[in-house]
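See structure below.
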Ligand code: ADP
Ligand code: ASP
Ligand code: MG
């Protein structure tokens, strides 16, 4: 294990010059921090996604590129040595303009990844210069030189062995004498095409890099001082959790707690790398440690909310006492690479949810061809605008009595699916998006504010 830490800074942490200067101070304060992974400046990826989806009107495209220019030039204007970053950003913005024009004719997942990657490519020029201006020995590194992935654009799979070998060769030697600043979110396939890990993917990038360099620790610096009992934007009385296990934090990330990309903890867990989550704005407030062993294992730890779920219900009287029906359903879903999340069954029907975390965004859809094949087997209903709420904790499938409390708190809500029993760490249910925040608030008040 190397002695150094990997520190990741999210979009709001690198939103402007002041925010980047706070990041530089956090990095400077810890001599063990040798690798810095940065997101795009706040708001930039959203603009790039809009351009990548194809903006027909030229005037709108120009206005969006102008917004990108303003965000980045507001930082450049405050640099002591602005020239290198200025010419780099200018040339990247030119490329954005021509790629956005191409997307207005024909967008694709491949072109989307190429376009959205400009956010991290630009922000890292700025952060590196902010650090150099403070006298730090910072150097910018193109992560696509080592972050090898497959070609699943928008939701790339990391190729761990290649990443590790390339990191040994190209990245680790650079860390000896420098603080290396690099891009989160992006990678490259074997042909050198740019790929991405899906929205929020910089957390995952940082964890993959920490794994590849065998880091001693992974720091996720964001806009809240740690992981809270629920999203503090939803429940104002949510409180920070000082310490949480990998299993609980993974459940939270998987069930939508935006604070961590769902895959973040997989590499950290594989190598037992402790993860810290804190606020780059208020580092003195401390944060959350995610570890294998934790002192307390409360029954209820936190509530996560994942929006934008699609519910698919399949009905067939032929299911009654038949075998092979579910196998056929799953064969069709697998053929179209549809990932299923929650699932519940009855004698004559199956309900399941589809989730989507890829870069292009939008509501998860059941592709028309998949629906047609399923309709040969059964009746298919699709409902959009659903949310999953997950109550995360410990020993839940082995404890008595608490379900009464949970469900009586939610008695006024129409719960569409309930999933319980598969994991000792969660109980989750599906309800309509319009009431999801209110349900989280009620549950939080009952279980965490008493
Ligand atoms: P970054 O840009 O740093 O990656 P994100 O916006 O992706 O930041 O994640 C931080 C946000 O996650 C917080 O501002 C908060 O609204 C949200 N969030 C969701 N669930 C939680 C939770 N349980 N604890 C803390 N923050 C949460
Ligand atoms: N910039 C990307 C996004 O906004 C990745 C990230 O910030 O983690 O989704
Ligand atoms: Mg994030």
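The values are calculated or read from the model by the stated rules, or taken from the named source; none is laboratory data. Not measured: the values here are computed from a predicted model. Note that we place each Cβ from the backbone using ideal geometry, even for glycine, and neighbour counts take in every protein chain shown.
What the table shows:
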item: Sole residue being part of a strand (DSSP E or B), modelled with pLDDT under 95 and within 28 Å of the chain's Cα centre (by Cα), chosen from 332, 343; result: 343
item: Residues satisfying the stated conditions in the stretch 249-265, i.e. free of Cβ contacts under 8 Å to residues at least 60 places away in the same chain and either touching a strand residue (DSSP E or B) at 6+ places or on another chain (Cβ under 6 Å) or more than 15 Å from ligand 3 (Cβ to nearest atom) (or both); result: 249, 250, 257
item: Count of the stretch 246-265 residues which are assigned to a helix (DSSP H, G or I) and in contact with a helix residue (DSSP H, G or I) (Cβ under 7 Å, 6 or more places away or on another chain); result: 5
item: Close pairs (7 angstrom Cβ cut-off, 6 or more residues apart or separate chains): on the phi > 0 side of the Ramachandran plot in the stretch 360-379, modelled with pLDDT of 85 or more anywhere; result: 361/49; 361/199
item: Scan of the stretch 225-240 for residues that are more than 16 Å from residue 440 (Cβ to Cβ) and assigned to a loop (DSSP other than H, G, I, E, B), ordered by number; result: 225, 226
item: Those residues of the stretch 2-35 which are assigned to a loop (DSSP other than H, G, I, E, B), over 15 Å from residue 129 (Cα atoms) and away from ligand 1 (no atom under 13 Å from the Cβ), in sequence order; result: 2, 3, 4, 30, 31, 32
item: Every residue from the stretch 36-75 that is within 16 Å of ligand 3 (Cβ to nearest atom), closer than 25 Å to residue 21 by Cα and either in a helix (DSSP H, G or I) or more than 25 Å from the chain's Cα centre (by Cα) (or both); result: 44, 45, 46, 48
item: Any helices (runs of 4 or more DSSP H) falling wholly within the stretch 145-212 and containing at least 3 residues that are surrounded by fewer than 22 Cβ atoms within 10 Å (Cβ to Cβ); result: 160-166, 172-175
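Residue-wise test of (1) more than 29 Å from the chain's Cα centre (by Cα); (2) surrounded by 13 or more Cβ atoms within 10 Å (Cβ to Cβ); (3) in a loop (DSSP other than H, G, I, E, B).
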| residue | (1), (2), (3) |
| --- | --- |
| 404 | yes, no, no |
| 407 | yes, yes, no |
| 419 | no, yes, no |
| 423 | no, yes, yes |
